[in-house]
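Report on one structure; see the data block that follows.
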Amino acid sequence: MDVPPQFEVLLFDYSGSTTEPYVVVHGVQCRVLAGVTECKGEIYSALARHLQQRGTVPPFVGLIDDDVVLSVSGINYALHLGNCLEWSSFSPALSHDSIYTHRWSLRQPSRLYHATDWVEVMMPVYRGDLFMAGAPYYEGNVSSWGIDKYLMPTLQQLMGMQRTAIVDAVMAAHTRPVTSGMKVYRNGLTAAQERERMKQLCLELLAERQPALLGSSWFQRIFKQRHSRTLGQRLLLGLGRPIRRWLESST
């Protein structure tokens, strides 16, 4: 809270214990939603229901995890850039000492932003109408896996809202380890199984609404590109990552 936020702050209490509708944080009144959840997919659903009940949707909707270190001034600037550059989805860049999964999410020095096909569920910002278009598909997804990688890029293609970026001018840090995806949630599925189910749903949406996309380079990158690694590739990656970080820290 280094500067006043130029956006509405909504806090989600995933323990479900908070009864007050508002709390004050560093002088800023924050709306509180509370509900017992297992993972972030249920927060997507709860926020979409809240906005539907409220009857108004903000220009942008961001969902920032509780293990992300990010300044309010950074969020203000990212929202300003998103509006000026007409991004449909974007995310602050990650610091190089963050715990990360995708290297393309790391900050690239001396750049304002770099384009990407999708942004991770860790701290995404979406156009309000794009976020609400996903509301029917959030329900039943506990982990949020597949929402970022498949659902949002698919909706962006179908809605003609393809501009997506990592904001290098705004840096955040991710502090907790990434989950394995092997936990079984109360719907009987693991995060990996939820991601696969979301992938199939998106393939059906594309086949029904815009089958021409099934042969595109975008489709190849999102749905066909190899994402699993062999044992040898994982070993080389494990050896190479600390070397890359040492080189980055010395430049």
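With the chain treated as a Gaussian network of Cα nodes joined by springs under 10 Å, which of A48, A93, A207 yields the largest mean-square fluctuation? Residue with maximal mean-square fluctuation among A48, A93, A207: A207. Taken along the Cα-to-beta-carbon direction at a fixed 7 Å, the label points for M132 and E208 span 2.1 nm.
Once the 1.4 Å probe is applied to the protein heavy atoms, the chain comes out at 53 Å² accessible per residue.
Take the chain and mark each of the trypsin sites (Lys or Arg not before Pro) that is in a DSSP loop with at most 12 other Cβ atoms within 10 Å; the longest unmarked stretch, sites excluded, is 1-110.
Label the chain by shape, choosing from rounded, prolate and oblate, from the square roots a ≥ b ≥ c of the eigenvalues of the Cα gyration tensor; if a/c is under 1.5 it is rounded, and otherwise prolate applies when a/b is larger than b/c, oblate when it is not.
On the way: a/c = 1.34, a/b = 1.11, b/c = 1.21.
Since a/c stays below 1.5, the shape of the chain is classed as rounded.
Once Rh for segment 11-148 is found with the Kirkwood sum over Cα pairs, what is the Stokes-Einstein diffusion coefficient at 37 °C and 0.692 mPa s, in µm²/s?
203
Name the residue farthest towards the positive end of the dipole of the chain from the options T116, G27, G55, assuming +1 on Cβ of Lys and Arg, -1 on Cβ of Asp and Glu, about the Cα centre. The listed residue farthest towards the positive side: T116. Using DSSP to call loops (not H, G, I, E or B), can you name the GluC sites (Glu not before Pro) in segment 1-110 whose Cβ has at most 11 other Cβ atoms within 10 angstrom? Passing sites in segment 1-110 are E8, E86.
Calculated translational diffusion coefficient of segment 78-198 (10 °C, 1.306 mPa s; Stokes-Einstein with Kirkwood radius over alpha-carbon pairs) equals 105 µm²/s. With both labels modelled 7 Å from their Cα along Cα-to-Cβ, the Q200 to W246 distance reads 4.6 nm. Expressed as a whole percent, the accessible area of segment 1-133 that falls on carbon and sulfur atoms is 54 (1.4 Å probe).
Please report, in debye to the nearest 20, how large the charge dipole of the chain is about its Cα centre when each Lys and Arg carries +1 at its beta carbon and each Asp and Glu carries -1 there.
Details: 25 positive and 22 negative charges, 193 e Å.
Dipole of the chain, to the nearest 20 debye: 920 debye.
Each residue was assigned an accessible area with a 1.4 Å probe, and for Y137 the value is about 50 Å². Note on the chain: dipole from Cβ charges, positive end direction compared against A191, P4, H174; the farthest Cα belongs to A191. With helices as the sole contributors, the chain gives -10500 deg cm²/dmol at 222 nm; each DSSP H run of n ≥ 4 counts as -39500 (n - 2.57), and the sum is divided by every residue.
The values are calculated or read from the model by the stated rules, or taken from the named source; none is laboratory data. In this text, all values refer to a predicted model and were calculated from it rather than measured experimentally. We place every Cβ from the backbone using ideal geometry, glycine too, and count neighbours over all the protein chains shown. These area figures cover heavy atoms from the full protein model, side chains too; ligands, DNA and RNA do not enter into them. Shrake-Rupley method; radii C 1.70, N 1.55, O 1.52, S 1.80 Å.
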